[in-house]
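Since the structure comes first, as structure tokens, the remarks are kept for the end.
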Amino acid sequence: MNMDTYSSGKAQSWRDKAELSARMKIYNFLNAMIPIEDCSSIIDIGVTADDKKDSSNFFEKMYPYPNRITALSDQNASWMAEKWNGLKFVRGNALSIPFEDGAFELSFSNAVIEHTGSRNNQITFIRECIRVSSRYVFITTPNRYYPIELHVALPLIHWLPAPIFRRILKLINKPFFASEDNLNLLSKKDLVAIMKNFHDVEYTINTIRFLGFPSNLLLIVKK
């Protein structure tokens, strides 16, 4: 997979800076809601091979204990183990995570679930995040009802029914994101519907705001 495939802007671009601002809010919210500095083992599911953008792999940049992190990706991000001493990198599929049940105290994933494909795949993704966690799960995704869709840098058209949205993307020469396999946006209502498949966990869905609008959905599961 090309490491720029899912990129929503070049390094130091306005989109990179906007993403970094939002992701700092996400990290601060995570730190307020979960005792992450007490977690002895964390899996970051879906890291990126990009090493240029300030917003990329922000958790590793902010978390002070890299030796507690296992980074999983289907991209080759093995350089992360050299950059952050003690971090372990594993090449793998987020729909079939190669670890035992409860292997980590915290499963963390930022802006990955919308790229896993069908709704059934998204359910499988969450199930895997829950399975490998012994205590906490923290999953973020862009809010479908944020006015701008940052993957394509266009306003409002992503509010249209998905088939129409995808048809427009094809017409404006953005075929990659026109495929459900590559972009399947979620609203809070969608996340609530997905979580009805999990009857034995406690969860909350929160938001952060950017420029006054709810920009990201934050799913927290406690086991």
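The values are calculated or read from the model by the stated rules, or taken from the named source; none is laboratory data. Remember, it's a predicted structure, so these values are computed and weren't measured experimentally. Note that we place each Cβ from the backbone using ideal geometry, even for glycine, and neighbour counts take in every protein chain shown. These accessible areas exclude ligands, DNA and RNA; they are computed on the full protein's heavy atoms, side chains included. Shrake-Rupley method; radii C 1.70, N 1.55, O 1.52, S 1.80 Å.
Given the criteria surrounded by fewer than 21 Cβ atoms within 10 Å (Cβ to Cβ) and either free of Cβ contacts under 8 Å to residues at least 12 places away in the same chain or not small (Gly, Ala, Ser) (or both), does Asn110 qualify? It is false that Asn110 is surrounded by fewer than 21 Cβ atoms within 10 Å (Cβ to Cβ) and either free of Cβ contacts under 8 Å to residues at least 12 places away in the same chain or not small (Gly, Ala, Ser) (or both).
Between Arg144, Arg167, Arg135, the distinction of being open to solvent by 40 Å² or more (accessible area, probe 1.4 Å), of a type outside the set (Gly, Ala, Ser) and within 21 Å of Ile97 (Cβ to Cβ) belongs to Arg135 only.
Residues in the range 93-115 that are within 19 Å of the chain's Cα centre (by Cα), more than 19 Å from Ser56 (Cβ to Cβ) and not aromatic (Phe, Trp, Tyr): Asn93, Leu95, Ser96, Ile97, Pro98, Glu105, Leu106, Ser107. Ile164 meets all of the listed conditions (1) over 19 Å from Asn216 (Cα atoms); (2) in a loop (DSSP other than H, G, I, E, B); (3) not basic (Lys, Arg) but one, namely (2). Within the bounds of the range 163-176, is there any residue that is touching a residue at least 40 places away in the same chain (Cβ under 8 Å) and touching a helix residue (DSSP H, G or I) at 6+ places or on another chain (Cβ under 8 Å)? The answer is no; no qualifying residue exists. Once the range 191-217 is narrowed to residues that are without any contact (Cβ under 8 Å) to a residue 60 or more places away in the chain and open to solvent by less than 70 Å² (accessible area, probe 1.4 Å), the residue that is farthest from the chain's Cα centre (by Cα) is Gly212.
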